[in-house]
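Shown next, in structure tokens, is the structure this report addresses.
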2 protein chains.
Amino acid sequence: MNASTSPHGPGPQSPTRLLVLDAEPPPRLGRLTGRVQIEHADATTLAERLPYADVLLVWDFTSDAVRRAWPGGGPRPRWVHTASAGVDHLMCPELTESDTVVTNARGVFDQPIAEYVAALVLAMAKDLPRTWDLQRQREWRHRESQRVAGTRACVVGSGPIGRAIVRTLKALDITTALVGRTPRTGIHGPGELDRLMARADWVVSAAPLTQDTYGMFDARRFGMMQPSARFINIGRGQLVVEEALAEALRKRWIAGAALDVFAHEPLGPESPLWQVPGLIVSPHMSGDTVGWRDELGMQFVELYERWAAGMPLQNVVDKKRGYVPGH
Amino acid sequence: MNASTSPHGPGPQSPTRLLVLDAEPPPRLGRLTGRVQIEHADATTLAERLPYADVLLVWDFTSDAVRRAWPGGGPRPRWVHTASAGVDHLMCPELTESDTVVTNARGVFDQPIAEYVAALVLAMAKDLPRTWDLQRQREWRHRESQRVAGTRACVVGSGPIGRAIVRTLKALDITTALVGRTPRTGIHGPGELDRLMARADWVVSAAPLTQDTYGMFDARRFGMMQPSARFINIGRGQLVVEEALAEALRKRWIAGAALDVFAHEPLGPESPLWQVPGLIVSPHMSGDTVGWRDELGMQFVELYERWAAGMPLQNVVDKKRGYVPGH
């Protein structure tokens, strides 16, 4: 591949030029051998390589390199796939307005994340963090814990992840309400969020990060929650005003919280969030179960086969909205 | 009440003499006011008060005072109720052979304990104990965790607690096998335990403590489990050979364990169990959710109403077997 190669539309015999944003080759792409010519890029080389790619696979989904490189000059890939559920890290106006199709990893993370949320709900109800503290101190201290059956959850975000969370919490006999952008059967609209949050024992944030959802969990909303209620964010860090959550916990407006995602990741050792009372901090791992990279690789291969055959792609992101519209 | 009172069979106008083994009055007995004359006993006074009681309510179920006091001289209560699921702490040959009816708190703990087991399973699958360690060290370290859906559990003990655990684990899409004393539809007999333990990802001990079950989880059985498997005991401490479990964990025969019950409770600060690698220690609290004492009190009142009306009691323990036979 060199600058004299036409950047788009290889002939039927030419291999597809696949640019992968990551230092390491993704797993499970072996089936594409001979049909795809893979090149790797990182944040510093992406801009210069972008014009020569037919397809961009955003494997390092923690990077915002695409958003920065995309507006530059030259042709652009016709298809961008990100190995993540959220697309906030790559969207920019130039990409939104282009003809390029954007797809995401919808489906891979649903069940793992739902289990992770259930793990957090049960751990908080059963006071497990305190149990670990007491075990370290070799101290036998019996406490009463809480039943989760019969409690109420409000899940914000009606995509496949939010819906999987609802299914799993319902299986534990938790009464759930699902809030989405567009009210429809079984889904409450944003206008009902305040009311539902005020009566929930568990508020779970699973929304995509968009202009509408940025900072939606703020001091006003935490102040509206019950003092016995807990808040969980497995969506995107910027959905939450982190300092407002820390204050709500310090002032005991709410009983506890768990954050798996943060405005700035990785969270540095200097962050005050590590030590907020009642806050569980985990390193953006809710969806990442053993084998997840293989699943993401296989999902890309499946999408590639459709693309190469000229079939419509699945998991196509509505670039204006910033997520794959639901049914 | 004095020594000249006939110890049994008060006339229809006489209040029932209810002896409560506990320093504090149980909650929710108000409905019995005027019909019941309550006296309290502790381990030192039980033997002398036992002959003057119509009914014994074992409210302090951590005490083995009944087993020690029962064989003494004099009449005995016609009915003993224990505010616990297990009856191992009170049974002795003299009580077994007597006409006294023994009832237990069957039903109160089922759902809370099932939730607690689900909390432990999910916490271990999602590596939450390590997450807390890392949080304390302010260290961001991403790990892959495990899906619980599709894993296999073997639940030992086919009473209402074991069955509730099975229901809850199944709701999380865990494939479960239930092992009981008597094989019947949906329940495997003891002869299948080894085979089922050898293929399980989760082994849950929820059996009553009897001569047959004492020490049933020993080095041989831990050695049979998969290296990736975990063991959970919420039944009784003596079901497990604790030192064998500690060794199995130290030698990595199995990946983890959680004990909520112990051969000697409370566990003293000198116990080596607090620091066994991969072992979660909690203070016999799996069934004790907020309001549990009220539920136990109300359950006793309901049973009392049946007893006073001459109706057959529920939750009647088969004293020879040591538990309430199932259907």
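For segment A:250-319, the list of trypsin sites (Lys or Arg not before Pro) that fall in a loop by DSSP and count at most 15 other C-beta atoms within 10 angstrom reads A:LYS251, A:ARG252.
Which of the peptides B:189-202, A:144-157 is most tightly packed, and how do the rest follow, judged by the mean count of other Cβ atoms within 10 Å per residue? Spell out each step's value before the answer.
Working: B:189-202: 16.6, A:144-157: 21.4.
Per-residue mean Cβ counts within 10 Å order the peptides as A:144-157, B:189-202.
For the residue pairs A:LYS126/B:LYS251; A:LYS319/B:LYS126; A:LYS126/B:LYS126; B:LYS126/B:LYS251; A:LYS126/B:LYS170, alpha carbon separations beyond 25 Å are given by A:LYS126/B:LYS251; A:LYS319/B:LYS126.
In plain terms, if you count all Cα to Cα distances in the protein assembly as shown and split them into 10 Å steps from zero, the share in each step is 3, 14, 21, 20, 17, 12, 6, 4, 2, 1, 0, 0 percent.
Each 10 Å bin from zero holds the following percent of Cα-Cα pairs in chain A: 5, 25, 30, 21, 13, 5, 1, 0. Plainly put, the tip 7 Å out from Cα toward Cβ on A:GLN37 is 10.1 nm from that tip on each other copy, the closest given first.
Here each label is just a point 7 Å from Cα along the line to Cβ, and for B:GLU265 and B:ARG31 those points are 2.7 nm apart. On the rotation that sends chain B to chain A, the chain B Cβ lying closest to the axis gives residue and distance in whole Å as B:ALA171, 2. Taking only complete DSSP H runs, can you tell me which helices of chain A stretch 15 Å or more along their own long axis by Cα positions and average at least 0.0 on the Kyte-Doolittle scale? Sorted by number, the helices that extend far enough and score high enough are A:110-125, A:160-171. Taking the Cα centre of segment A:110-281 as origin and assigning +1 to Lys and Arg Cβ atoms and -1 to Asp and Glu Cβ atoms, the resulting dipole is close to 560 debye.
With springs only between Cα atoms under 10 Å apart, run a GNM on chain A and tell me which of A:VAL240, A:VAL276, A:VAL117 wobbles the most. Checking each option, the largest mean-square fluctuation is seen for A:VAL276. The reciprocal of the average 1/r between distinct C-alpha atoms defines the Kirkwood hydrodynamic radius, which for segment A:214-281 equals 11.7 Å. In terms of overall dimensions, the C-alpha atoms belonging to segment B:217-327 reach 58, 29, 23 Å along their principal axes, ordered largest to smallest.
In plain terms, the bigger the Kirkwood radius, the slower the diffusion; for segment B:110-281, with that radius from Cα pairs, at 37 °C and 0.692 mPa s, Stokes-Einstein puts D at 202 µm²/s. Chain B contacts chain A over a buried accessible area of about 5100 Å², both sides summed; the probe is 1.4 Å and only protein chains count. Each other copy holds its own label point for B:GLN137; taking that point as 7 Å from Cα along Cα to Cβ, the gaps run 2.2 nm, nearest first. Here B:LYS320 is the anchor, and the aspartates and glutamates within straight C-alpha reach of less than 17 Å, apart from those fewer than 8 places off in the same chain, are B:ASP88, B:GLU94, B:GLU97, B:ASP99, B:ASP212. The label-point distance for B:ARG252 and B:MET311, in a model that sets each label 7 Å from Cα toward Cβ, rounds to 5.9 nm.
Each Cα pair under 8 Å and six or more residues apart adds its separation to the average, and for chain A the resulting relative contact order is 15 percent. Once both labels are positioned 7 Å from their Cα atoms along Cα-to-Cβ, the gap between A:ARG68 and A:THR182 label points is 3.6 nm.
Counting only other chain Cβ atoms within 10 Å of each residue's Cβ, the peptide A:273-283 averages 4. What percent of all Cα-Cα pairs in segment A:70-154 falls into each 10 Å bin, going from 0 up to the bin containing the maximum distance? Over segment A:70-154, the share of Cα pairs per 10 Å bin runs 13, 27, 18, 17, 14, 9, 2 percent. Dividing the summed helix terms, -39500 (n - 2.57) for each DSSP H run of n ≥ 4, by the number of residues in chain B produces a 222 nm estimate of -7500 deg cm²/dmol to the nearest 500.
Please average, across the residues of B:149-159, the number of beta carbons from any other chain that are within 10 Å of each residue's own beta carbon, and give a whole number.
If you average over the peptide's residues, the count of other-chain Cβ atoms is 1.
The values are calculated or read from the model by the stated rules, or taken from the named source; none is laboratory data. Source: prediction; values computed, not measured. All Cβ positions, even for glycine, are placed from backbone atoms using ideal geometry, and neighbour counts span all protein chains on display. Note: accessible area is taken over every heavy atom of the protein model, side chains too, but ligands, DNA and RNA are not part of it. Shrake-Rupley method; radii C 1.70, N 1.55, O 1.52, S 1.80 Å.
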